[in-house]
Each structure stands twice: as C-alpha cells, then as structure tokens.
Amino acid sequence: MTSAAPEISSPVGVIAGGGAMPFAVAESLAARGIAPVLFPLRGACDPVQVEKFRHRWISVGQLGRAMRLFREEGCRDLIFIGTLMRPSLSEVRIDLKTLRLLGHVVRAFRGGDDHLLSGVGRMLEQDGFRMVGIKDVAPDLLMPEGCITRAWPADNARSDIERGRAVLAALSPFDIGQAVVVIDGHVVAVEDIEGTDGLLQRVTRLRSEGRIRAARGRGVLVKAPKSGQDLRFDLPTIGPRTVEGVASAGLSGVAVIAGNTIAAEPQAMIERADANYLFVIGLQA
C-alpha cells in the first residue's frame, strides 16, 4: 500500500485500460508539468481518444515487449488505470519474457482483480520499474471528504451507509467486489463480476419485478476499497454514469471513501445528482 507520496519522475507511463480515466490522468499529469506516455491495452483502450497523446500499444501477456517499450520511452514510474475485461489464461498471447515468468503469472490469475493487478505490479517492480497510484500522480481526481451535492443523507441513509461499510469490510478477504446496496438495513445486492453498473441494473430489475418493496428514494449505494488492498490498483470509481444508475435503481444516494475513490467527471456527476435530488458523500477513511 502507498504511504507518503513518492517523488514522481517524468515521463510517467500510463498503462491504459478502457473508459475515460486514463485520459483524465494523462491530462492531470500534463497540467502539472509531468509528461504522460500512454501504453494502451489492445481491446480495452479507446483507439480514437488515445491519438491525442504520445502512446505505444501493448497487449495483455506480452510483458517482454511492454517492458522494452517502457524503457524506450524512459518511463520508470508506471500507473495502471482504466477498466479491463479479465482474460482467461488460454486467451493470453504470451511472449518469451512472460513464458519465463509463467509460474508467477499463473499465481497472479488465481485470485480476484486486486490479487491479479498486485501480482503483475510486483513482476514489473522486480524488473526495475516502480508502480505508483492515482494518489501519487493525480490526487485532484480523488473524491473529497464531505457531501458535494445539495442533497444530504437522512438518518435512515446514514444507518444504511454504516451497514454497507460493515458488509464490505466483512467481504474484503474474499476479493469479491467494492460495492453494496443497502435499503432500510437490508443488504439487497453485492457487486460481483458485472461491476457497479451491472449491480445497479440488477437492483432496478428487482424493483420492477416487485422484489424490492421499499419506496423510491430510500437505500444507498456504498463503495469502498477492500481492506488491505494495494491502493495503487483498482480503486473504486464513481461518475455521472454511477449517479444515473443510482437514480434508476430508486436509491437516495451514494457514499464512498474520501481519498480512496476516483471521482470521474465530478462536475457532470454533481449536476446529475442535483437534478435527481441524490446525495454523493465522501466518508472519512
């Protein structure tokens, strides 16, 4: 886990998965005078958006080529950011370097996402690179403490938030997910491989089927990193799409851990939350 922020060397290599966050990180780095070099993952990163930045394409499983490109670009510090559909081992096209590390790769795949990313990070660090987190390179993208919307959580919502945090803490050793929906003290749904968007769609469906009888405007989405998680990797993320899902699911708002959650497109997220009378709150870690 990260503690004091390290002194970041320029350029920083951004191993880019899907979604908007790799580009937000690159822009944040550039604004601070640190050169970003994107290493977009084939099949995950947006090929149009990445053209705005210096970049070199890489593939999952080709550690040797990736390390060579990192060195060619002078990137000692690396960050992994963005979504990535977890491939099966049979789908990974390995190169010679990966073959030499195959035992480590297999062990990394035998676990949840945090275990996989931490395992790959250790392999890169053993080869002389340094893995850094978003706290180190783009702290401005992290959720602040406190309520950032006009709406505030009512007493019943605060009770649901506490229940949600307790549930996520209990599930942490199993590396399952980072989100839970609690309505009036009842744990309605826990995030799994489908992610937060899928979790909220499931709650929306359960409500439409009459399986959830609580009135709309009750219940909370709670997101938190896993206990003991390496906070350089796979931090929970919220954004406008999350708020839309919370509104569709008929909940009252979303609560996350301040400083340990990425806030994507914060202004758009706040505007959509306010338009739907939802709260978004950053909790003390």
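The values are calculated or read from the model by the stated rules, or taken from the named source; none is laboratory data. Here the structure is a predicted model, which means the values were calculated and not measured. All Cβ positions, glycine included, derive from the backbone under ideal geometry; neighbour counts span all protein chains shown. The protein model used for the area step is the full one, side chains on, heavy atoms only, and it has no ligands, DNA or RNA in it. Shrake-Rupley method; radii C 1.70, N 1.55, O 1.52, S 1.80 Å.
Residues that are assigned to a loop (DSSP other than H, G, I, E, B), out of contact with any helix residue (DSSP H, G or I) (no Cβ under 8 Å at 6 or more places or on another chain) and within 30 Å of L29 (Cβ to Cβ): does the stretch 188-200 have at least one?
Kept after step one, since they are assigned to a loop (DSSP other than H, G, I, E, B), are these residues of the stretch 188-200: 191-194.
When the remaining residues are screened for being out of contact with any helix residue (DSSP H, G or I) (no Cβ under 8 Å at 6 or more places or on another chain), the result is 193.
Subsequent filtering for residues that are within 30 Å of L29 (Cβ to Cβ) retains none.
Checking the stretch 188-200: not a single residue is assigned to a loop (DSSP other than H, G, I, E, B), out of contact with any helix residue (DSSP H, G or I) (no Cβ under 8 Å at 6 or more places or on another chain) and within 30 Å of L29 (Cβ to Cβ).
Can A273 be described as in a loop (DSSP other than H, G, I, E, B), over 24 Å from V137 (Cα atoms) and either open to solvent by less than 20 Å² (accessible area, probe 1.4 Å) or out of contact with any Ser or Thr (no Cβ under 9 Å at 6 or more places or on another chain) (or both)?
Taking the combined requirement at face value, the residue does not satisfy it.
Answer yes or no: is there a residue in the stretch 174-187 that is touching a Pro at 6+ places or on another chain (Cβ under 9 Å), open to solvent by less than 20 Å² (accessible area, probe 1.4 Å), in a loop (DSSP other than H, G, I, E, B) and touching a residue at least 40 places away in the same chain (Cβ under 8 Å).
Within the stretch 174-187, the first condition is being touching a Pro at 6+ places or on another chain (Cβ under 9 Å), and the residues that meet it are 178-179.
After this cut, where a residue has to be open to solvent by less than 20 Å² (accessible area, probe 1.4 Å) as well, the list is 178-179.
With the extra rule that they be in a loop (DSSP other than H, G, I, E, B), the set shrinks to 178.
Within this subset, residues satisfying the condition of being touching a residue at least 40 places away in the same chain (Cβ under 8 Å) are 178.
There is at least one residue in the stretch 174-187 that is touching a Pro at 6+ places or on another chain (Cβ under 9 Å), open to solvent by less than 20 Å² (accessible area, probe 1.4 Å), in a loop (DSSP other than H, G, I, E, B) and touching a residue at least 40 places away in the same chain (Cβ under 8 Å).
Scanning for something in a loop (DSSP other than H, G, I, E, B), within 26 Å of V188 (Cα to Cα) and modelled with pLDDT of 90 or more, does the stretch 126-139 turn up at least one residue?
No - not one qualifying residue is present in the stretch 126-139.
This table checks each residue for (1) among the hydroxyl-bearing types (S, T, Y); (2) assigned to a helix (DSSP H, G or I); (3) touching a residue at least 24 places away in the same chain (Cβ under 8 Å).
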| site | (1), (2), (3) |
| --- | --- |
| I15 | no, no, yes |
| V25 | no, yes, yes |
| S28 | yes, yes, yes |
| I34 | no, no, yes |
| P40 | no, no, yes |
| G61 | no, no, yes |
| A66 | no, yes, yes |
| F70 | no, yes, yes |
